[in-house]
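S.K.: This structure is in structure tokens; I'll ask about it shortly.
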Amino acid sequence: MKRLLITSVVLLMTSGALLAEGPWSLFGGARAQKQSAGGNPWVINLTSNADSPYSGVAFQQPNGKLLFSQIAQLSADYDVVSGGCGGGSPRFSIAVDEGGGVTRHVFVYIGNAPNFDCPASGWQNTGNLITSTELRFDSTQLGGPFYGTYDQALARAGSFPVVGVSLVIDSAWMFPSGEVILVDNVTVNNFVLRAKGFDK
């Protein structure tokens, strides 16, 4: 059996099934993958294709008390294996509770502004997107701009509780051969998803 440890989160892979507990979870076509070269021997494979149109990793604050304004670090390492960045993918999606049971999202686009494309391959780091001065924050669900600044998103969502944070890809429609992006060190504040594995 292969056991995968993600910080304090334990992922068990048996017969191709991946089960997650704790503040991090995988959804859609996301899966842990062993790599033979590079730094970390384990990474998370995010795939978007005809069979699995979306995939991602999701974070939920363990104590449930996090405001949008309290997100101080938002980053990830990523490597584009096929397809690329485009069509709003990859992106962070920050779900906030607007009140009355209404959930809205602020999207934070990854890649090179202004088109948010990226090199075809090679590991890179997003940097701390919260401190980015580029127009990569989409707060249209809260009445803000499509391409806006962090300050504009903060003005719309700053006082709202965060329901969850996801890093997602879903642009298979844009890339005929599909979109595959490896991710590691996905970070929300002090919580870091680091995939580590060993055989047992």
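Quick grid of which residues meet (1) within 15 Å of the chain's Cα centre (by Cα); (2) small (Gly, Ala, Ser); (3) surrounded by 15 or more Cβ atoms within 10 Å (Cβ to Cβ):
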site: 33; (1), (2), (3): no, no, yes
site: 55; (1), (2), (3): yes, yes, yes
site: 85; (1), (2), (3): yes, no, yes
site: 124; (1), (2), (3): yes, no, yes
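S.K.: For segment 23-116, give me every one of the strands (runs of 3 or more DSSP E) that falls completely inside it and has 1 or more residues that are closer than 17 Å to residue 175 by Cβ and not hydrophobic (A, V, I, L, M, F, W, C). I'd like the intermediate steps shown before the answer.
M.R.: Numbers: elements: 24-28, 31-34, 42-48, 55-59, 74-82, 91-99, 102-109.
Hits in segment 23-116: 24-28, 42-48, 55-59, 74-82, 91-99, 102-109.
S.K.: With the checklist (1) of a type in the set (A, V, I, L, M); (2) buried (at least 16 other Cβ atoms within 10 Å of the Cβ); (3) in contact with an Asp or Glu (Cβ under 7 Å, 6 or more places away or on another chain) in hand, flag the one item residue 113 doesn't pass.
M.R.: Failing condition for residue 113: (2).
S.K.: Restricting attention to segment 117-146, which residues are at pLDDT below 95 and assigned to a strand (DSSP E or B)?
M.R.: Listed by number, the residues that qualify are 117, 124, 125.
S.K.: Separate question: If I ask for residues that are aromatic (Phe, Trp, Tyr), at pLDDT below 95 and not in a loop (DSSP other than H, G, I, E, B), which ones from segment 147-190 would you list?
M.R.: From segment 147-190, those aromatic (Phe, Trp, Tyr) are 147, 150, 160, 173, 175; that's our starting set.
Next cut, at pLDDT below 95 only: 173, 175.
Hits for segment 147-190: nothing passes.
The values are calculated or read from the model by the stated rules, or taken from the named source; none is laboratory data. Because the structure is predicted, anything quoted here is derived from the model rather than measured. Every residue, glycine as well, gets a Cβ built from its backbone with ideal geometry; the counts of neighbours run over all protein chains shown.
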